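Structure first, commentary second.
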Amino acid sequence: MPVRELSSGIYELDIDDRKMLATRNMIPGMSVYGERLITEDDTEYRQWDPSRSKLGAMVLKNFDIPLKSDSIVLYLGAASGTTVSHVSDILTDGLVYAVEFSPRTMRDLIQLCDQRPNIIPILADANKPQSYAHIVEKADVIFQDVAQPNQAEIAAINSKYFLEEHGHLMLSIKSRSIDTVASPKKIFKEEVRKLESGFDIEFEVLERKELEPFHEDHLGLVAKMFVDDEE
Amino acid sequence: MEDCDLFDKDPEKLAELVVQLQESSKENPQSVPLQRADLRDAALECGFVELDEDYDILLRDVCIRAAKSQISQTDTDDSRIIQAVEALDDIDKNVNELSERLFEWYGRYFPELEMTGEELARFVSAYGSRTNVPEDHEMSEKASSSMGAELLFADEELLRTFANNICSLYDTRRYIENYINTSMGSVAPNLCEIAGASLGARLMSMAGSLEKLAAFPSSTVQVIGASRALFKHLRSRAPSPKHGIIFNNPVIKNAPWWQRGKLARALAAKISLAARTDFYSGELDPSIKEALDKKLEHIRQANPNPPERKPEAKPQGKGGKRRNRGRKKNKKSGGSN
């Protein structure tokens, strides 16, 4: 069975002529949310369903994924940890700070944290980065998947606090949670404009693609904080 | 960094500190500077931890403890009521289905018995076969002349067990209802007085918590539970919904159609006022109810007669029949919220 590494720690397996996205299972034998486990050459892989994960969809949409095995990641909107578990697989020598607002979903996330050594759970509101500034350190990557109307603002304020100077921001923008009625294209344009010049820090958008057909009305985006070199 | 005042390296105590810091920073966000010392470096320099990995292990341990303790504190009074009211809805849904099954099933053996729901369940549970109905029972004549089939012993036992379970669901339902009535009276006395215990609890459940309900504008309170109609209105020319679940309040339910919108608006205004009073003070304030009654009376007197309908008047009330009047254009009406 051919295994191809698409990006650091992210693999594409060929099973019966069907391509499958996967990560190496950090805890062999353990399936997190009922996903399939496949063993090849003494390595166990966990299937990664792109229609359940914005990050997974971004991989298949050929985004340049800035995650490395030793990255420090701030993950906003961790939910019950479906995607976080794969990020945890990728970061074999790294750490992911997983911020989630809902106590109900945090209950599931904690179970995952109990098993995996590289996830730090934080029950807090991503709107208030001050409330976890005493825990989180500077991050190489901020990944954000929150269904909030002020998604761009949340990304900006968290980047201000926690993003390394040359770090990357990965964003999944859900148009439906900004405005249910307006056209997604328009909303995406406006959100990108906000990121580029709407706040006191500016971003350089490196890539942007809609996450069709895996997620409807979602835009995936990778950006870098704009650093003024003249100072 | 030679002289550092180090914290006790007890994860449990550190977790408490983490939660405290989180709470205090919410009240005073300005106190957290943008440029902060790197905690990992500081911990290593002071000798609080020896290795990079030790820092990760300790931080993880502390954060898991902190999150767990925060989760255990989320079981609040209003969250318990919300669970109860949602359980009530689940029971209703299931008990109806089971009662219908019993009606069909037992109907084979005693079709003349004109009972449904709880009454039927109690009857089957008490007597089983119609041959057991005592002579002084009002159904005894019908039972003896019934065209129903003969009920075998094994089936009778089965039906009785089935009916017993339905009865106990009805009992549980009553138990939960009492629980909601009593706790609403102490947790949200004003909401309970203005909206009624069960409607108040449902509003909290749909909003998510008493705090969220208190934060809603009253126009939202007015249409909670009518999201399909609301989004249809926002997307197309459909009329705006006049009431969501607050329709279940007798003030609106029993009113003539032309007053309902106005009454719903007044009621919603006072409901949000009541929710806010409950959340922030918790004391019963009788003046809300007085003001509401006055306002309702005023609306009723000012609108005694139905307005004349214009030829192309928009559909009024629930208008189930006219559902397809809107433009067919909407590719997706409803299903999203």
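A short reminder: the numbers here are calculations on the coordinates, not readings from a lab. Quantities reported herein were computed from a predicted structural model and do not represent experimental measurements. Neighbour counts run over all protein chains shown; Cβ positions are idealised from the backbone, glycine included.
Points to keep in mind about this one:
- Antiparallel bridges, percent of DSSP beta bridges restricted to segment A:77-222 (to nearest 5): 45
- The mean number of partner chain beta-carbon atoms within 10 angstrom of a residue's beta-carbon across peptide B:227-234 is 1.
- Overall form of segment A:26-139 per C-alpha gyration tensor (a/c, 1.5; a/b vs b/c): prolate
- From least to most packed, judged by other beta carbons within 10 angstrom and beginning with the fewest, A:ASP17, B:ASP90 follow the order A:ASP17, B:ASP90.
- Taking the Cα centre of the protein assembly as shown as reference, the dipole from Cβ charges on Lys and Arg (+1) and Asp and Glu (-1) amounts to some 4940 debye.
- Trypsin sites (Lys or Arg not before Pro) within segment B:155-249, DSSP loop, no more than 16 other Cβ atoms inside 10 Å: B:ARG237
- Residues whose placed amide H lies under 5 Å from that of A:LYS128, excluding near-sequence neighbours: none
- Rotationally averaged projected area of the protein assembly as shown (alpha carbon convex hull; nm²): 39.0
- Taking the Cα centre of segment B:15-164 as origin and assigning +1 to Lys and Arg Cβ atoms and -1 to Asp and Glu Cβ atoms, the resulting dipole is close to 20 debye.
- Amide H partners (placed H, <5 Å) of A:ILE120, local residues excluded: A:VAL96, A:TYR97, A:ALA98
- Listed residues A:LEU123, A:VAL73, A:VAL141: farthest to the positive end of the dipole of chain A (Cβ charges): A:LEU123
- Pairs exceeding a 32 Å alpha-carbon distance, out of A:LYS68/A:LYS189; A:LYS186/B:LYS93; A:LYS209/B:LYS93: A:LYS186/B:LYS93; A:LYS209/B:LYS93.
- Over the C-alpha atoms of segment A:89-225, the Rg to Rh ratio, Rh being the Kirkwood estimate, stands at 0.96.
- Cα gyration tensor category, rounded, prolate or oblate, for chain B with a/c compared to 1.5: oblate
- By the count of neighbouring beta-carbon atoms within 10 Å, fewest first, A:ILE178, B:ILE81 end up ordered A:ILE178, B:ILE81.
- Kirkwood's formula applied to the C-alpha pairs of chain A gives a hydrodynamic radius of 18.0 angstrom.
- Charge dipole (debye, nearest 20) of segment A:41-94; +1 at Cβ of Lys and Arg, -1 at Cβ of Asp and Glu: 400
- Ordering A:GLU190, A:GLU210 by the number of other Cβ atoms within 10 Å of each residue's own Cβ, fewest first, gives A:GLU190, A:GLU210.
- Within the protein assembly as shown, percent of DSSP bridges classed antiparallel, to nearest 5: 60
- Applied to segment B:54-69, the Karplus parametrisation 6.51 cos²θ - 1.76 cosθ + 1.60 on θ = phi - 60° returns per-residue 3J(HN,Hα) values of 4, 4, 4, 5, 5, 4, 4, 4, 5, 5, 5, 4, 4, 5, 5, 5 Hz, with x for Gly and Pro.
- Only one residue of B:LEU34, B:VAL124, B:PRO239 has its Cα farthest out toward the positive end of the dipole of chain B, where Lys and Arg carry +1 and Asp and Glu -1 on Cβ, and that residue is B:PRO239.
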